[in-house]
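Below: the structure, in structure tokens.
The values are calculated or read from the model by the stated rules, or taken from the named source; none is laboratory data. These numbers come from a predicted model, not from an experiment. Reconstructed Cβ throughout: ideal geometry from the backbone, glycine too, with neighbour counts over all protein chains shown.
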Number of protein chains: 2
Amino acid sequence: MVELLGKPVADAICANLKDSIEELKGKNKIPTLAIVRVGNREDDISYERGARKRFADNNCDTRVVELSADVDQDELEKTIVELNNDSSVDGILLFRPLPKQLSEARIQKLIEGDKDVDCMGLENMARLFAGSKEGFAPCTAQAVIELLHHYDIELKGKKVTVIGRSLVIGKPVAMMLIKENATVTVCHTKTEDLIGECKNADIIVAAAGVAKMVSAEYVKPSSIVIDVGMNVDEAGKLCGDVDFAGISEIVDRITPVPRGVGSVTTSVLLKNTVANAIKSTK
Amino acid sequence: MVELLGKPVADAICANLKDSIEELKGKNKIPTLAIVRVGNREDDISYERGARKRFADNNCDTRVVELSADVDQDELEKTIVELNNDSSVDGILLFRPLPKQLSEARIQKLIEGDKDVDCMGLENMARLFAGSKEGFAPCTAQAVIELLHHYDIELKGKKVTVIGRSLVIGKPVAMMLIKENATVTVCHTKTEDLIGECKNADIIVAAAGVAKMVSAEYVKPSSIVIDVGMNVDEAGKLCGDVDFAGISEIVDRITPVPRGVGSVTTSVLLKNTVANAIKSTK
């Protein structure tokens, strides 16, 4: 078994951006991400910390816009419009889910596609669906693709089973894998023969949100397993959707949790923000 | 073998719309489709004829806007904006592909989502991808779903193999089937084991654009085969992606070509146009 770690992928993405960031600096442009956080959810703050460090380590900027948990829709929309119009902002990340009083649907229409670096808006969803060269995918979905490419895992013609059909991972990663010429099966809670669909696949992308669900019977010796799960197990420890201990000795390659796909996402966020900074200075 | 004909599906859709159309008439609203045709392609004109008849037969209107084959982008965009703003127009259908001098991408952004009854624009693509209740799918993809529902074909948990990944059928029908709780595999020219993926499926949706490709080895006695192909065979006759003569005695249920899915599309166009007329009078 080979463990597919996220850090080398993240490092390679950042190394690739170095020259572009330097060049932008020469044009007095520092790629800048605006992070809009409503309230103080612990996982938002933790992700924010990681993103800020990633940007700082790569000579890029972040700006946190903190709104109170009881902010109203108008105020949130005003914030997004201001950031859309602010030429010093290259990317906008809005943490979700939003508190109940807020409508995500209206923000999806409002956010400027080129600044929508985590694909929350309709414009980038449509681009993703259409297989356009423009636009950005959700960072975690893109991180899966970056990881597969980094480790030279062949996708063309391969059978990939995606477990999960969410708008942030399952469906976008399916669209991207189809574009990469994989044969993609999307499974979910209603799938009758999930084990068969996984066992038949060359690659499994687990994004079900169920701790340690993918067990020994789902895999074979040639399986490549990408675990996008982020759960807490019975001992209170972070774990994925895959029973790592139970299958790691069976499969060919596997991403751990933590230290797998999750380690790549902030680099994708940086990559997307830099891409838009380059576009806006052209 | 049971032949799944399109006409009963189309008739049922229209019968269901009768009361709504009557009610709209009472409000002086006649659901109206604007058909924008660039040039005089034979298949556009043939589809136009079918759509006009369908609307007329159901007491609804069509308005054809004919543009010359060498029209420029500005003129086409002006036409779309006028139709967007015309409150007597409830739906807009623009024939594609467009001549080379025209950019479809700009129209995709311009067309008003609620009038985009064949899902050519970004807004409806995003809604489709997101699984939203709003918006319209491409008529042919929607026709597949209408046909499956009409014949009470169970989708929940079933394995559906879609052959083709186009923006008008393959990808949208996959998204709709996922929403219907089917387990969906999207296959295409790069798929390694297409026969296996089809033979394993409960339902096959063939939208490859290759005449009579799906032959006896792709199916089993329980297969349900939906043929979305529209090709011309060696004898110059219209045929589907399925070798009907070769498999019809093997499979459980199958749509013919012609008289199958294709017979349903103009009713979907009518359904979508009426839906927007209702929305706009509320």
Return a yes/no flag: does the range A:106-129 have any residue that is more than 13 Å from chain B (Cβ to nearest Cβ), basic (Lys, Arg), out of contact with any Gly (no Cβ under 7 Å at 6 or more places or on another chain) and farther than 30 Å from residue A:256 by Cβ. no
Can you confirm whether the range B:157-167 contains a residue that is at pLDDT 95 or above, over 18 Å from residue A:186 (Cβ atoms) and surrounded by fewer than 21 Cβ atoms within 10 Å (Cβ to Cβ)? no
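Pick from A:245, A:235, A:201: which is among the hydrophobic types (A, V, I, L, M, F, W, C) and touching a residue at least 24 places away in the same chain (Cβ under 8 Å)?
Numbers: A:245 fails: touching a residue at least 24 places away in the same chain (Cβ under 8 Å); A:235 fails: touching a residue at least 24 places away in the same chain (Cβ under 8 Å).
That would be A:201, the only listed residue that is among the hydrophobic types (A, V, I, L, M, F, W, C) and touching a residue at least 24 places away in the same chain (Cβ under 8 Å).
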For residue B:128, which of the numbered conditions (1) closer than 25 Å to residue A:176 by Cβ; (2) touching a residue at least 40 places away in the same chain (Cβ under 8 Å); (3) out of contact with any Pro (no Cβ under 7 Å at 6 or more places or on another chain); (4) assigned to a helix (DSSP H, G or I) fails to hold? (3)
Could you go through the range B:242-254 and let me know if any residue there is more than 14 Å from chain A (Cβ to nearest Cβ) and closer than 26 Å to residue A:188 by Cβ. yes
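Does the range B:162-201 hold any residues that are assigned to a helix (DSSP H, G or I) and closer than 23 Å to residue B:125 by Cβ, and which are they? Spell out how you get there, then give the answer.
Taking the range B:162-201 as the starting set, the residues that turn out to be assigned to a helix (DSSP H, G or I) are B:170-179, B:194-199.
The answer is B:170, B:171, B:172, B:173, B:174, B:175, B:176, B:177, B:178, B:179.
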Considering only residues that are at pLDDT 95 or above and of a type in the set (Lys, Arg), look in the range B:54-99 and name the one that is nearest to residue B:40 (Cα to Cα). B:63
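Yes or no: residue A:255 within 17 Å of the chain's Cα centre (by Cα) and of a type in the set (Ser, Thr, Tyr)?
yes
Have a look at A:193, A:152, A:116 and point out the one that is buried (at least 24 other Cβ atoms within 10 Å of the Cβ) and charged (D, E, K, R).
Details: A:193 fails: buried (at least 24 other Cβ atoms within 10 Å of the Cβ); A:152 fails: buried (at least 24 other Cβ atoms within 10 Å of the Cβ).
That would be A:116, the only listed residue that is buried (at least 24 other Cβ atoms within 10 Å of the Cβ) and charged (D, E, K, R).
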Between B:235, B:245, which is modelled with pLDDT of 95 or more and hydrophobic (A, V, I, L, M, F, W, C)? B:245
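Listed here are the residues, each with its yes/no results for (1) assigned by TED's automatic domain parsing to the domain that holds residue B:252; (2) under 25 Å from residue B:135 (Cβ atoms); (3) among the aliphatic types (A, V, I, L, M); (4) assigned to a loop (DSSP other than H, G, I, E, B).
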{"position": "B:9", "(1), (2), (3), (4)": "no, yes, yes, no"}
{"position": "B:22", "(1), (2), (3), (4)": "no, no, no, no"}
{"position": "B:35", "(1), (2), (3), (4)": "no, yes, yes, no"}
{"position": "B:45", "(1), (2), (3), (4)": "no, no, yes, no"}
{"position": "B:50", "(1), (2), (3), (4)": "no, yes, no, no"}
{"position": "B:54", "(1), (2), (3), (4)": "no, yes, no, no"}
{"position": "B:70", "(1), (2), (3), (4)": "no, no, no, yes"}
{"position": "B:79", "(1), (2), (3), (4)": "no, yes, no, no"}
{"position": "B:87", "(1), (2), (3), (4)": "no, yes, no, yes"}
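Matching residues to (1) in contact with a helix residue (DSSP H, G or I) (Cβ under 9 Å, 6 or more places away or on another chain); (2) under 18 Å from residue A:111 (Cβ atoms); (3) not basic (Lys, Arg):
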| residue | (1), (2), (3) |
| --- | --- |
| A:14 | yes, no, yes |
| A:23 | yes, no, yes |
| A:38 | yes, yes, yes |
| A:57 | yes, no, yes |
| A:73 | yes, yes, yes |
| A:82 | no, yes, yes |
Residues located in the range A:159-175, provided they are within 12 Å of chain B (Cβ to nearest Cβ), out of contact with any strand residue (DSSP E or B) (no Cβ under 6 Å at 6 or more places or on another chain) and at negative phi: A:166, A:167, A:168, A:171, A:172, A:175
Would it be correct to say that residue A:134 is surrounded by fewer than 24 Cβ atoms within 10 Å (Cβ to Cβ), within 21 Å of residue B:191 (Cα to Cα) and among the acidic types (Asp, Glu)? no
Top-ranked residue of the range A:176-190 - restricted to ones that are surrounded by fewer than 24 Cβ atoms within 10 Å (Cβ to Cβ) and of a type in the set (A, V, I, L, M), ranked as nearest to the other protein chains (Cβ to nearest Cβ): A:178
Number of positions in the range A:84-93 that are among the aliphatic types (A, V, I, L, M) and either touching an Asp or Glu at 6+ places or on another chain (Cβ under 8 Å) or free of Cβ contacts under 8 Å to residues at least 12 places away in the same chain (or both): 2
Can you give me the number of residues within the range A:15-69 that are under 22 Å from the mean Cα position of the chain (by Cα) and on the phi > 0 side of the Ramachandran plot? 2
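Identify, please: which residue in the range B:196-235 is acidic (Asp, Glu) and buried (at least 16 other Cβ atoms within 10 Å of the Cβ) and is, among those, nearest to residue B:247 (Cα to Cα)?
The extreme case among them is B:227.
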Residue check, residue B:102 surrounded by 18 or more Cβ atoms within 10 Å (Cβ to Cβ) and more than 24 Å from residue B:262 (Cβ to Cβ): yes
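Just checking, does the range B:92-99 include any residue being within 23 Å of residue B:51 (Cβ to Cβ) and either within 13 Å of chain A (Cβ to nearest Cβ) or basic (Lys, Arg) (or both)? Let's see the steps before the verdict.
In the first step, residues of the range B:92-99 are kept if they are within 23 Å of residue B:51 (Cβ to Cβ); the result is B:92-99.
Restricting the remaining residues to those that are either within 13 Å of chain A (Cβ to nearest Cβ) or basic (Lys, Arg) (or both) gives B:96.
Yes, there is a match, as at least one residue in the range B:92-99 is within 23 Å of residue B:51 (Cβ to Cβ) and either within 13 Å of chain A (Cβ to nearest Cβ) or basic (Lys, Arg) (or both).
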Quick check: anything in the range A:202-209 more than 19 Å from residue A:151 (Cα to Cα) and part of a helix (DSSP H, G or I)? no
